[in-house]
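Following: one structure in structure tokens, then a few remarks.
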Amino acid sequence: MIRRLGRIEGQVRGLRAMVEADRHCLDEIQQIRAMTAALREVGLLIIDQHVNEGLRLAARGQDREAVMADLLRVLRAAMAEAG
């Protein structure tokens, strides 16, 4: 995940350079779309880790209702960002 975030930082720097150089707007939009896709993938990795941890806690006998409520809260937040 850290490596992915480093690539995204590079993409942001690249976009800034494109804007400063007054590159064609389609090139800039393509860079933004690539960054958006990369951020979405990082978000999915974070959700994956959270779901796996929640399932692990539920399997160990933690309050399953609380674990499920937390997982749903995270998923709702992620879906609200996507919408």
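No value in this document is a laboratory result; all are computed from the given coordinates. Small disclaimer: the values here were computed from a predicted structure and weren't measured. Quick reminder, even Gly has a Cβ in these numbers, built from the backbone with ideal geometry, and neighbours come from all protein chains shown.
Computed quantities for the displayed model
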read-out: Residue in segment 24-45 that is on the phi < 0 side of the Ramachandran plot, surrounded by 12 or more Cβ atoms within 10 Å (Cβ to Cβ) and not in a helix (DSSP H, G or I) present; value: no
read-out: All positions within segment 9-23 that are part of a loop (DSSP other than H, G, I, E, B) and at negative phi; value: ALA21, ARG23
read-out: Total residues in segment 46-68, condition in a helix (DSSP H, G or I) and either surrounded by 12 or more Cβ atoms within 10 Å (Cβ to Cβ) or in contact with a strand residue (DSSP E or B) (Cβ under 8 Å, 6 or more places away or on another chain) (or both); value: 13
read-out: Residue list for segment 25-77, restricted to those being under 25 Å from LEU15 (Cα atoms) and of a type in the set (Gly, Ala, Ser); value: ALA34, ALA37, ALA38, GLY43
